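The structure appears right after this line, and notes come after that.
The values are calculated or read from the model by the stated rules, or taken from the named source; none is laboratory data. Remember, predicted model here, so these are calculated numbers, not experimental data. Cβ coordinates were reconstructed from backbone atoms using ideal geometry, including for glycine residues, and neighbour counts include every protein chain displayed. SASA here: full protein model, heavy atoms, side chains in, ligands and nucleic acids out. Shrake-Rupley method; radii C 1.70, N 1.55, O 1.52, S 1.80 Å.
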Amino acid sequence: MAQPVVEIHIPLVETRVRLLDDPGSEEAPEPGLEVEFGWISVVEDYLAKREESGEFELYADGEELGGDYLFFLTGADEQTLLAIAADVARLPGIPPGPYAIVTTDDSDEPGVGRNEPLPQR
């Protein structure tokens, strides 16, 4: 039986985000360094921490598609996955215009499915 997958699509826009949580990362070699596309690291870190709770699973690594950067969630019901996607859309530094695509793990290609808008702060 097919499992739900929620793709989080975030416009691939350069925004400078100050990375404070991981001063030892490759992208932020010193505390407080601002990096372009830093929001990708913010989202990756956020999702990794939430995944540890067992609430959901990351379905695949993030990837670029068209003008968006995608993150893939599965391992929970659609409502839970969409709630997590909405939380991601409200993280600091996220570019305007994120949305979700609801699909299943038997889909052949990303970006095909039901479009769901995501709220932003």
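For the reader, a short list of remarks on this structure follows.
- Residues listed by number, the range 56-99, amide nitrogen under 19 Å from R121 label point at 7 Å toward C-beta: 83-99
- For the range 53-118, the solvent-accessible area works out to 50 Å² per residue, with a probe of 1.4 Å and every protein chain left in place.
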